[in-house]
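Student: Dumping the structure here so I can ask a few things about it.
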Amino acid sequence: MTQDGHETGRECNRSITIASTYTDRMPSPRLAGALAPWYRHAARDLPWRRPGFGAWGTLVSEFMLQQTPVSRVIPRLEAWLERWPTPADLAAAAPADAVTQWANLGYPRRALWLHRAAVEIRDRHAGVVPRDVDALLALTGIGDYTARAVAVFAYGDRHPVVDTNTRRVLARAIDGSAHPGAAHRRDLEKMAALLPESAGEAAIVNAAAMELGQTICTARAPRCGECPVRAECAWVAAGSPATPDTRRKQARYEGSDRQARGIVLGALRAADPEPLPAAALLIDWPDRAQRDRAIASLFDDGLIASDGELVSLPR
């Protein structure tokens, strides 16, 4: 996830200190010089990378790709854009339709956020996805990464774009660490220092760093022998030393609150537009407290609604 970018007082001073010490580890221009040609011949053919894909398609793809594998996103993305080819089309639909269409992508709050963002684009920007990063950040569900991804990949502007994969590439190639530390705005500074002056070339280097992290410089089994930046990598030069992996491990799905939430949403999707009796939801779930907690969290997230005894997807 990305950060909101607000800094005050001590936090601002800390950032200044970090920036002043970071200059000793600025990326070599050769790093970008190796990334760009590799990407041009090795990049996967993905829908959002094709010419003319458009800002709305890019925005939808970025919402869907958050913590979801590419293979699961592609068919859902194509179906979504066929049904709602513009923000205004989605804004005119009911929130329940967005939650239903989201299906099994996971983290269904993103469907509601995307619907709200579509309404905001229609009402504030005449139905056109904005180009300005600050305007994008003002939309529901959009953080630093998504805002810059739309500005760079859809509109061709020059900004650093940093996701989890990029952070790992930067940590290894520049810092010599096997795993990145906690997300920080200095990640944007590192990436910005790596970018060529040309906006077009900068977009390629942004995409290349992400692609490298997804396919070669992976978290668990990096294929360093195939890496185009091996000769420039501080981690390889140091002998690939192990460093602690501070990523939060995801709890198992079976028997979790997430599974309980998913079962409730699945039942409501299947019944939609008809509501279901609240007493019928998760009636066989073995843990009554967990059942109630899962349903309450869905209400809190706005993913389900109730008129008392009956429950439905949001309208």
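Every read-out reported here was derived from the displayed coordinates using simple, explicitly stated rules and does not represent laboratory data. Small disclaimer: the values here were computed from a predicted structure and weren't measured. All Cβ positions, glycine included, derive from the backbone under ideal geometry; neighbour counts span all protein chains shown.
Student: Which residue is surrounded by the fewest Cβ atoms within 10 Å (Cβ to Cβ), if the candidates are limited to the range 264-293 and must be within 29 Å of the chain's Cα centre (by Cα) and more than 21 Å from R315 (Cβ to Cβ)?
Tutor: In this case the residue turns out to be R293.
Student: Mind checking whether some residue in the range 114-124 is crowded, with 22+ Cβ neighbours inside 10 Å and free of Cβ contacts under 8 Å to residues at least 24 places away in the same chain?
Tutor: no
Student: Can you list residue pairs whose Cβ atoms sit under 7 Å apart, with the first residue in the range 71-86 being within 18 Å of D97 (Cβ to Cβ) and the second being not in a helix (DSSP H, G or I)? Count only pairs 6 or more apart in sequence or on different chains.
Tutor: Note: pairs meeting the criteria are R76/A103; R76/L105; W84/A93; T86/G127.
Student: Within the range 165-187, is even one residue of a type in the set (S, T, Y), within 30 Å of P95 (Cβ to Cβ) and within 19 Å of the chain's Cα centre (by Cα)?
Tutor: no
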